[in-house]
Amino acid sequence: MRKKMAVSMLVVSFVFMVTGCCIFHDWQEATCIEAKTCNKCGETEGEALGHDWEEVTCSTAKTSNRCGETEGEALGHDWEEATCSTAKTSNRCGETEGEALGHS
């Protein structure tokens, strides 16, 4: 029984020396800016995911779909004034504001 325990301790010690951690890592999943990382020993695996950017719009800045980080500022609307038949319209996104002027 003592021999088995000594061998088990030796194996655990060897695994710790080889992996830098215990037998089982406690992984924190990768993020946009950090690789998958063990919470116990700090070992990393793979690479950071990088941002998955959604392009800037009239009303929102460039935004990472993974972490929500933003970069820059929203563009704002590029308004085309209302006409007799169309409401004030954003040339960038097609949003309208108000109503068409109508004919007089």
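The values are calculated or read from the model by the stated rules, or taken from the named source; none is laboratory data. All of these numbers come straight from a predicted model, not from anything done at the bench. Note that each Cβ is placed from the backbone with ideal geometry, even for glycine, and that neighbours are counted across all protein chains shown. What goes into the accessible areas is simple: the full protein's heavy atoms, side chains included, and nothing from ligands, DNA or RNA. Shrake-Rupley method; radii C 1.70, N 1.55, O 1.52, S 1.80 Å.
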Checklist entry - What's log10 of I(q)/I(0) for segment 53-104 at q = 0.16, 0.18, 0.25, 0.31 Å⁻¹, Debye sum over Cα points only, no solvent? => result -0.54, -0.61, -0.84, -1.05
Next on the checklist: Using a Cα-Cα cut-off of under 15 Å, which aspartates and glutamates could be cross-linked to residue 88, ignoring same-chain neighbours fewer than 8 residues away?
Outcome noted: 78, 80, 97, 99
Checklist entry - Straight-line reach from residue 62: which aspartates and glutamates have Cα under 17 Å away, leaving out those fewer than 8 places along the same chain? => result 52, 54, 71, 73
Item to check | Per residue solvent-accessible surface (Å²) - segment 63-103, probe of 1.4 Å | outcome: 73
Next on the checklist: At 7 Å along Cα-to-Cβ for each site, give me the label-to-label distance between residue 104 and residue 54 in nm.
Outcome noted: 4.1
